[in-house]
Amino acid sequence: MTHLNASPSELIERHVRGDRSLLEVLHAIQDEVGYLPAGVVAPLAQSLNLSRAEVHGVITYYHYFRTTPPPRVAIQLCRAESCRSMGSEAMAAYIEQSTGCRFDAHHHSTSSSLSSDTAAHGDEIGLESVYCLGLCGTSPAMTINGKMIAKLTPIKFDAAFDRACRHTGIASKETA
């Protein structure tokens, strides 16, 4: 993932080709930039012979797509049945207490980014509920910046969170 160095038209030119579907192009752009900049909607719609409303509708329908830059530390916790039965709800409470952030705060605001509720971290740390990471046999599971963590415990969370914070230059509870 890179920062937005390319113009929307360069992104479209790079990713719209052959028989790629709208979803494939959206995934490719988000994989490259980290989110879907607002400026890509109109040129993407034009290049795929779709309306802007159709492109916007797909972006807003699928929970995966984001229209703002991601937080520097993105935490996704599985809250599906297998993980719940193995303690993910207790882990969610522990993670919220440890980070000072709230899960899914972005669902209750005008921003579509993962966000923190605390001034200490701003939008640097985001907590998101997801429903199945495919690690059901090793529940509970989570990701931190895309790195999968199975058989999650408070000790595993603290170690992974501290590593992610050090890697991104954010002060965690250990370094604050």
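Nothing in this text is a laboratory measurement; each read-out follows from the coordinates by a stated rule. Everything numeric here is computed off the predicted structure, so don't read it as measured data. Glycine also receives a Cβ, built like all others from the backbone with ideal geometry; neighbour counts cover every protein chain displayed.
Other residues with beta-carbon under 14 Å from the beta-carbon of His15 carry, at +1 per Lys or Arg and -1 per Asp or Glu, a net charge of -3. Counting only DSSP beta bridges whose two residues both lie in the chain, roughly 50 percent are antiparallel. Note on Asp158 and Ala53: the model spin-label points, each 7 Å out from Cα along the C-beta direction, lie 5.4 nm apart. Where a ≥ b ≥ c are the square roots of the eigenvalues of the C-alpha gyration tensor, would you call the chain rounded, which needs a/c under 1.5, or, failing that, prolate if a/b is larger than b/c, or oblate? Prolate shape, in that a/c is at least 1.5 and a/b is the bigger ratio. Less than 14 Å Cβ to Cβ from Ser129, Lys/Arg counted +1 and Asp/Glu -1: what total charge do the surrounding residues give? Net of charged neighbours comes to -2.
Grab the DSSP H runs of the chain that are 4 residues or longer, score each as -39,500 (n - 2.57), total them, divide by all residues and round the 222 nm result to the nearest 500 deg cm²/dmol.
Numbers: 7 runs with 69 residues, N = 176.
Calculated from helices alone, the mean residue ellipticity at 222 nm is -11500 deg cm²/dmol.
Spin-label model, Asp31/His167: points 7 Å from Cα along the beta carbon direction are separated by 1.9 nm.
Any chance you could give the angle, 0 to 90 degrees and rounded to 10, that helix 88-99 forms with the longest Cα principal axis of the chain? Orientation of helix 88-99: about 90 degrees from the principal axis. Annotation: amide H-H contacts under 5 Å for Cys132 (H modelled 1.01 Å from N, sequence separation of 5 or more, or interchain): Arg79, Ala80. Within the chain, Cys101, Cys132, Cys136, Cys165 have no other Cys Cβ under 4.7 Å of their Cβ and so lack a disulfide-compatible partner by this rule. The residue list Ala74, Cys136, Tyr62 was ranked by how far each Cα lies along the charge dipole of the chain toward its positive end, using unit charges on Cβ atoms, and Cys136 comes out on top.
Note: relative contact order over the chain, using C-alpha pairs below 8 Å and six or more positions apart, is 19 percent.
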